[in-house]
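A.B. asks: One structure coming up, written as structure tokens, with questions to follow.
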């Protein structure tokens with residue numbers, strides 16, 4: 001005979017709001033226009049510390065636009081206007097007192113195509129710490145370069161050729177060099193805009209493995225078109241469509257049991 | 001079009017993906033149809049002491065096993081090439097489990113058939129109406145659960161799930177009845193033991209039907225069924 005298990009009576013394990021840690025970054029009512037065209041509509045989203053948030057959605061849904069709001073990369077685009085509240089450690093990053101250069105040190109970025117500087121491997125990593133004055137002498141620079149390259153899982157492959165040009169490396173290695181460059185300035189948050197879309201499966205696996213390790217020290221927000229990748233690397237997933245945040249939830253839930261029809265249609269390949 | 005929590009299940013952009021999913025559903029349906037007949041034949045064999053029906057059940061069992069194997073292969077292939085998510089993933093994962101339940105139900109029908117054949121050469125005991133009723137209840141449950149699967153209707157599945165209690169009650173009553181026969185006349189112990197096993201097999205068929213009900217619920221809703229059946233009574 002079936003035992004009567006009262007699932008509904010099991011104690012709820014959810015942490016009450018008051019005890020939950022404050023998010024590393026939070027966005028409230030973010031609206032954005034490219035000229036006359038509105039690209040984001042009232043986006044609310046929290047990124048918890050030491051977690052990976054994946055942003056997914058079809059092309060043109062606003063996920064990259066939203067990502068670029070988080071370190072004010074959109075400021076560089078003519079006619080782009082942002083409205084709303086975006087906070088890093090509860091500090092408004094669009095506040096007039098904020099130094100954008102400093103903000104981008106705290107919120108680093110890795111792009112779709114690896115874009116090492118046309119300099120040596122060593123200089124690629126040392127460049128950021130140098131302009132931010134994070135090291136005083138050669139020994140300190142050496143240490144930052146080594147730690148960052150180790151952090152990016154690249155040290156063993158390049159330790160004996162640090163003076164060679166960064167773009168002499170393979171695509172996957174170049175992307176890890178860019179990650180080393182991003183973490184060299186000790187950021188809080190790393191934004192990744194399709195970091196693996198130009199890489200082969202093995203290089204991709206290395207980056208995914210790396211993202212999981214980086215999470216121990218950094219908070220990560222990643223845009224990806226590869227849904228299996230989003231499912232693998234992230235704890236939370238946000239689904240965007242036509243500039244709106246349609247669904248945001250635990251990654252496990254989004255990919256096994258989405259609540260919104262649009263999310264289900266998109267992740268199961270029924271969108272059209 | 002079937003509904004899930006997040007709305008109706010539409011067509012895929014890639015048409016061959018829909019063909020794959022249909023093939024999985026079709027294999028389960030086909031398997032279910034045979035198992036339903038197997039249980040029906042076993043019921044007939046039991047009710048009428050029909051040895052021919054019993055032999056039919058035994059002879060047809062390999063068909064069920066073959067279908068289960070085909071379903072496994074198809075599901076694995078679809079998982080590998082489509083990397084399904086959400087509702088698709090749930091349909092495929094549950095098909096794998098449902099086929100397992102169906103295969104077990106088929107085996108129980110075979111066990112019943114074998115015992116019915118043995119019973120024919122033993123001391124006759126008077127027919128037990130509760131047992132025939134139980135057998136018919138199980139057959140109905142199997143039929144209805146397959147209808148619920150085909151219709152992807154969790155409410156229908158839930159109705160079947162609740163009926164299992166009746167089978168359990170019938171099972172208890174059959175058991176008690178047989179116990180009294182055995183106490184009355186030790187010569188009846190052997191056939192009664194066979195009948196007890198048959199009743200147990202029927203009860204297990206009912207359990208597997210409820211398992212399938214739970215899987216249909218999960219397939220559509222993506223969460224567990226609320227197991228408070230006993231409280232509702």
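The values are calculated or read from the model by the stated rules, or taken from the named source; none is laboratory data. For clarity, every value in this text was computed on a predicted model and none was experimentally measured. Methodologically, a virtual Cβ is constructed for each residue, glycine included, from the backbone with ideal geometry; neighbour enumeration extends over all protein chains shown.
A.B. asks: Take the residues in region A:66-105 that are farther than 26 Å from residue A:152 by Cα, at pLDDT 95 or above and within 16 Å of the chain's Cα centre (by Cα), then tell me which one is surrounded by the fewest Cβ atoms within 10 Å (Cβ to Cβ).
C.D. replies: A:87
A.B. asks: I'm trying to understand the selection: among the residues of region B:90-102, which are crowded, with 20+ Cβ neighbours inside 10 Å and either within 10 Å of the chain's Cα centre (by Cα) or within 14 Å of chain A (Cβ to nearest Cβ) (or both)? Break it down stepwise before answering.
C.D. replies: Here is the first cut: in region B:90-102, the ones crowded, with 20+ Cβ neighbours inside 10 Å are B:90-92, B:94-95, B:98-99, B:101-102.
If the condition is that a residue be crowded, with 20+ Cβ neighbours inside 10 Å and either within 10 Å of the chain's Cα centre (by Cα) or within 14 Å of chain A (Cβ to nearest Cβ) (or both), then B:90, B:91, B:92, B:94, B:98, B:99, B:101, B:102 are the ones that fit.
A.B. asks: While we're on this one: Test residue A:204 against the criterion of being without any contact (Cβ under 8 Å) to a residue 40 or more places away in the chain, away from chain B (no Cβ under 14 Å) and in contact with a helix residue (DSSP H, G or I) (Cβ under 9 Å, 6 or more places away or on another chain), and give yes or no.
C.D. replies: Numbers: without any contact (Cβ under 8 Å) to a residue 40 or more places away in the chain: yes; away from chain B (no Cβ under 14 Å): yes; in contact with a helix residue (DSSP H, G or I) (Cβ under 9 Å, 6 or more places away or on another chain): yes.
Answer is yes for this residue.
A.B. asks: Let me ask something else. Mind listing just one residue for me: the one in region A:247-272 that is touching a residue at least 60 places away in the same chain (Cβ under 8 Å), buried (at least 18 other Cβ atoms within 10 Å of the Cβ) and within 12 Å of chain B (Cβ to nearest Cβ) and, of those, farthest from residue A:151 (Cα to Cα)? Give the steps one after another, and end with the answer.
C.D. replies: Start the filter on region A:247-272 by keeping residues that are touching a residue at least 60 places away in the same chain (Cβ under 8 Å), which leaves A:248, A:251, A:266-267, A:271.
Next, from what is left, pick out any that are buried (at least 18 other Cβ atoms within 10 Å of the Cβ): A:248, A:251, A:266-267.
This time we only want the ones that are within 12 Å of chain B (Cβ to nearest Cβ), so: A:251, A:266-267.
Details: A:251: 25, A:266: 34, A:267: 32 Å.
Within region A:247-272, the match that is farthest from residue A:151 (Cα to Cα) is A:266.
A.B. asks: Does any residue of region B:111-128 turn out to be within 14 Å of chain A (Cβ to nearest Cβ), over 12 Å from residue B:199 (Cα atoms) and touching a helix residue (DSSP H, G or I) at 6+ places or on another chain (Cβ under 8 Å)? Spell out how you get there, then give the answer.
C.D. replies: At the first step, the residues of region B:111-128 found to be within 14 Å of chain A (Cβ to nearest Cβ) are none.
Checking region B:111-128: not a single residue is within 14 Å of chain A (Cβ to nearest Cβ), over 12 Å from residue B:199 (Cα atoms) and touching a helix residue (DSSP H, G or I) at 6+ places or on another chain (Cβ under 8 Å).
A.B. asks: Name, by its number, the condition in (1) within 13 Å of residue B:141 (Cβ to Cβ); (2) away from chain A (no Cβ under 14 Å); (3) in contact with a helix residue (DSSP H, G or I) (Cβ under 7 Å, 6 or more places away or on another chain) that does not hold for residue B:159.
C.D. replies: In the conditions (1) within 13 Å of residue B:141 (Cβ to Cβ); (2) away from chain A (no Cβ under 14 Å); (3) in contact with a helix residue (DSSP H, G or I) (Cβ under 7 Å, 6 or more places away or on another chain), residue B:159 misses (3) alone.
A.B. asks: Right, something else. Residue by residue through region B:73-89, note down the ones that are away from every other protein chain (no Cβ under 13 Å) and closer than 16 Å to residue B:215 by Cβ. I'd like the intermediate steps shown before the answer.
C.D. replies: Residues of region B:73-89 away from every other protein chain (no Cβ under 13 Å): B:73-77.
If the condition is that a residue be away from every other protein chain (no Cβ under 13 Å) and closer than 16 Å to residue B:215 by Cβ, then B:75 is the only one that fits.
A.B. asks: One residue is enough: does region B:157-169 have a residue meeting the conditions under 17 Å from the mean Cα position of the chain (by Cα), closer than 27 Å to residue B:5 by Cβ and assigned to a loop (DSSP other than H, G, I, E, B)?
C.D. replies: No - not one qualifying residue is present in region B:157-169.
A.B. asks: Related question: Would you mind telling me which numbered condition in (1) assigned to a helix (DSSP H, G or I); (2) free of Cβ contacts under 8 Å to residues at least 40 places away in the same chain; (3) over 15 Å from residue B:198 (Cα atoms) residue B:84 fails?
C.D. replies: Failing condition for residue B:84: (1).
A.B. asks: Oh, and also: If I filter region B:215-233 down to residues being closer than 25 Å to residue B:29 by Cβ and at the interface with chain A (Cβ under 10 Å from one of its Cβ atoms), which single residue comes out as modelled with the lowest pLDDT? Outline the logic, then answer.
C.D. replies: At the first step, the residues of region B:215-233 found to be closer than 25 Å to residue B:29 by Cβ are B:215-225.
Retained after the next criterion (residues that are at the interface with chain A (Cβ under 10 Å from one of its Cβ atoms)): B:218, B:221-225.
Details: B:218: 95, B:221: 93, B:222: 91, B:223: 88, B:224: 85, B:225: 80.
Filtering region B:215-233 for residues that are closer than 25 Å to residue B:29 by Cβ and at the interface with chain A (Cβ under 10 Å from one of its Cβ atoms), the one modelled with the lowest pLDDT comes out as B:225.
A.B. asks: Ok, one more. Going residue by residue through region B:24-41, is there one that turns out to be more than 21 Å from the chain's Cα centre (by Cα) and part of a helix (DSSP H, G or I)?
C.D. replies: Just the residues of region B:24-41 that are more than 21 Å from the chain's Cα centre (by Cα), to begin with: none.
Checked region B:24-41: no residue is more than 21 Å from the chain's Cα centre (by Cα) and part of a helix (DSSP H, G or I).
A.B. asks: Sticking with this one: Among the numbered conditions (1) surrounded by fewer than 24 Cβ atoms within 10 Å (Cβ to Cβ); (2) more than 30 Å from residue B:83 (Cβ to Cβ), tell me where residue A:174 comes up short.
C.D. replies: (2)
A.B. asks: Out of all the residues in region B:12-37, which are exposed (fewer than 13 other Cβ atoms within 10 Å of the Cβ) and within 10 Å of another protein chain (Cβ to nearest Cβ)?
C.D. replies: B:14
A.B. asks: Could you identify the single residue in A:153, A:108 that is surrounded by 15 or more Cβ atoms within 10 Å (Cβ to Cβ) and in a loop (DSSP other than H, G, I, E, B)?
C.D. replies: On the way: A:108 fails: in a loop (DSSP other than H, G, I, E, B).
Being surrounded by 15 or more Cβ atoms within 10 Å (Cβ to Cβ) and in a loop (DSSP other than H, G, I, E, B) holds for just one of A:153, A:108, which is A:153.
A.B. asks: Given the criterion assigned to a helix (DSSP H, G or I), within 17 Å of the chain's Cα centre (by Cα) and closer than 28 Å to residue B:50 by Cα, identify the matching residue among B:203, B:177, B:214. Reasoning before the result, please.
C.D. replies: Numbers: B:177 fails: within 17 Å of the chain's Cα centre (by Cα); B:214 fails: closer than 28 Å to residue B:50 by Cα.
From the options B:203, B:177, B:214, the qualifying one is B:203.
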